[in-house]
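The values are calculated or read from the model by the stated rules, or taken from the named source; none is laboratory data. Please read all numbers here as calculations on a predicted model, not as lab measurements. Ideal geometry is used to build each Cβ from the backbone, glycine not excepted, and the neighbour counts take in all protein chains shown.
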Amino acid sequence: MIVRRMYPQLAYGARDAFEELDLMRRYLDRLSESVFGGPSPGRGMPAGVFPALNLTQDRDHYFVRAELPGLRADELNIEVVGRNLTISGERRIAHDENVRYHRRERDGGSFSRIIGLPGDINADRVEAGMVNGILTVTLPKAEASKPRQITVK
Amino acid sequence: MSDSKEIQVKGKQELATPAEQTKSGPVFVPAVDIYETETAIVMTADLPGVAPEDIQIDLRDDVLTLSGDVRPFEGPEEDDILVEFEVGRYYRQFTLTEAIDQERIQASHRDGVLHLNLPKQAKALPRRITVSAA
């Protein structure tokens, strides 16, 4: 008969109830990490700097995306130095002071963010586009960063 | 000046009770500004990634429902390296206390921001009702 336990049996001498609870907590932490993908690197909000970015890649490009509703492409300043991409600008939200606000959740202000890319890029052919408030920066990989198929002879 | 301050990063707020959602995937609450003037209620909502034709605005009785579908904008060949924001539908409901003139509602959309003008209904004018003999 197979018995599936929520946590490993603590018969190996947990001295008191607190120790047992601690073991249980650590086990559950590990379990939730393995089930939900947990705090694996690269998820969540590690930078804590506006704007939040998503970085993806395909064979030939890196793609950096950010949600910047209300900004036009020409209001953004996008620079590439080496492997670092800088996105900066200012989000202007006109708030009328003479009216009664029910909700005021949209934030304005300036921002600047640098993201380091994992590989070399071809800085001359970087393109940026803004569609419906989503910025997409397309960065072609330098030849050296592209995956190379190696044929076994 | 509030304009020169730095924007703080805020995680997208996920809808707490996604009731009656028929599509799978996360649902987010869009950030809105709502203000009221003498004649109208004006609402501005951030809906990044939603095309104008995918925004649904529905006013039924006193409840205004705002929803927007985000079409996937990533290519099929792309692998994630860093994920700081998730993408999903937007959904939010408001209960309006003022009667709104539905005929004159105006909506515009630009760069992922929806602007909604909800004119208040003119006060019902006093009318004399004549009873006609049948």
Practice task
Go through A:120, A:124 for me and flag whichever is in contact with a helix residue (DSSP H, G or I) (Cβ under 7 Å, 6 or more places away or on another chain) and farther than 23 Å from residue B:109 by Cα.
Solution key: A:120
Completion exercise
Of (1) facing another protein chain (nearest Cβ under 10 Å); (2) surrounded by 19 or more Cβ atoms within 10 Å (Cβ to Cβ); (3) not in a loop (DSSP other than H, G, I, E, B), residue B:35 fails just (2)
Problem - Filter result (at the interface with another protein chain (Cβ under 7 Å from one of its Cβ atoms) and closer than 18 Å to residue A:124 by Cα) within the stretch A:60-90 - result: A:63
Handout entry: the stretch A:91-105: number of residues that are under 22 Å from residue A:74 (Cα atoms), facing another protein chain (nearest Cβ under 7 Å) and in a loop (DSSP other than H, G, I, E, B)
Key = 1
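Yes/no matrix, rows are residues, columns are (1) among the hydroxyl-bearing types (Ser, Thr, Tyr); (2) modelled with pLDDT of 85 or more; (3) surrounded by 15 or more Cβ atoms within 10 Å (Cβ to Cβ):
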| site | (1), (2), (3) |
| --- | --- |
| A:28 | no, no, no |
| A:31 | no, no, no |
| A:37 | no, no, no |
| A:41 | no, no, no |
| A:49 | no, no, yes |
| A:68 | no, yes, yes |
| A:83 | no, yes, yes |
| A:88 | yes, yes, no |
Handout entry: Which numbered condition residue A:108 fails, given (1) crowded, with 19+ Cβ neighbours inside 10 Å; (2) out of contact with any Pro (no Cβ under 9 Å at 6 or more places or on another chain); (3) within 8 Å of chain B (Cβ to nearest Cβ)
Key = (1)
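Out of B:109, B:115, I need the residue that is at pLDDT 90 or above and in contact with a helix residue (DSSP H, G or I) (Cβ under 7 Å, 6 or more places away or on another chain). Which one?
Checking each option against the conditions leaves just B:109.
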Exercise for the section: Specify the residue that is surrounded by the most Cβ atoms within 10 Å (Cβ to Cβ); the eligible residues are those in the stretch B:91-108 that are outside any loop (DSSP other than H, G, I, E, B) and of a type in the set (Val, Ile, Thr). Expected result: B:100
Exercise for the section: Mind listing just one residue for me: the one in the stretch B:76-104 that is more than 26 Å from residue B:16 (Cβ to Cβ) and among the hydrophobic types (A, V, I, L, M, F, W, C) and, of those, modelled with the lowest pLDDT? Expected result: B:99
Exercise for the section: Give me a count of the residues in the stretch B:66-90 that are within 9 Å of chain A (Cβ to nearest Cβ) and assigned to a strand (DSSP E or B). Expected result: 5
Handout entry: Checklist (1) within 27 Å of residue B:109 (Cα to Cα); (2) among the hydrophobic types (A, V, I, L, M, F, W, C); (3) in contact (Cβ under 8 Å) with a residue 40 or more places away in the chain applied to residue A:131, failing item
Key = (3)
Problem - Single residue of the stretch A:117-137 satisfying the filter (facing chain B (nearest Cβ under 10 Å) and under 16 Å from the mean Cα position of the chain (by Cα)) that is farthest from residue A:65 (Cα to Cα) - result: A:118
